[in-house]
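The values are calculated or read from the model by the stated rules, or taken from the named source; none is laboratory data. Please read all numbers here as calculations on a predicted model, not as lab measurements. When we count neighbours, we look across all protein chains shown, and the Cβ atoms used for this are built from the backbone with ideal geometry, even at glycine. Just the protein is used for accessible areas: all its heavy atoms, side chains included, with ligands, DNA and RNA removed. Shrake-Rupley method; radii C 1.70, N 1.55, O 1.52, S 1.80 Å.
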Amino acid sequence: MVRSSRWLASRTLISVGGVRLDEELIHFSRRCRDNMKDFLESSGNDVSSRRKYQPIFVLPEEREKHHALDNQTRASLIKMAEDLLDNMSLSLVLSYKERWKTVIGKPKPVIILFLEELRELDK
């Protein structure tokens, strides 16, 4: 009955209370199963074997907060910027790579501004 009404195909999930739910919530059971499998395969308390599990979001706001640049670590911001620089066209890369050499040593807010500028160019 649910499938015949194309409720899941609409990709707009709404709770019984009328609150919009995260679009990936329909994959909840698969993600839980994958996380459990990864957890069971890890070798106990060994710090080097700890993995990052797939986050499960219920509300879209939770996803936005998790992926916000302000909530990322400095190392992940640096990796994002370097990945964007690697994928840019050669003419743009040269000027931005020179700026990147000065930005990489700066505080996190400066790196975030540089990363946002790169994302605008990448669109």
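For a label point 7 angstrom out from the Cα of GLU24 toward its Cβ, which stretches of the stretch 74-117 have the backbone nitrogen within less than 18 Å? Within reach of a label on GLU24, which here means backbone N under 18 Å from a point 7 Å along Cα→Cβ, the stretch 74-117 contributes 76-77, 80. If you plug the beta carbon distance of LYS97 and GLN54 into 1/(1 + (r/R0)^6) with R0 = 25 Å, you get a FRET efficiency near 0.15.
The listed residues GLU41, GLU116, once ranked by accessible area (1.4 Å probe) with the largest placed first, stand as GLU41, GLU116. For VAL58, the shell of other residues with beta-carbons less than 14 Å away shows a net charge of -2, using +1 for Lys and Arg and -1 for Asp and Glu.
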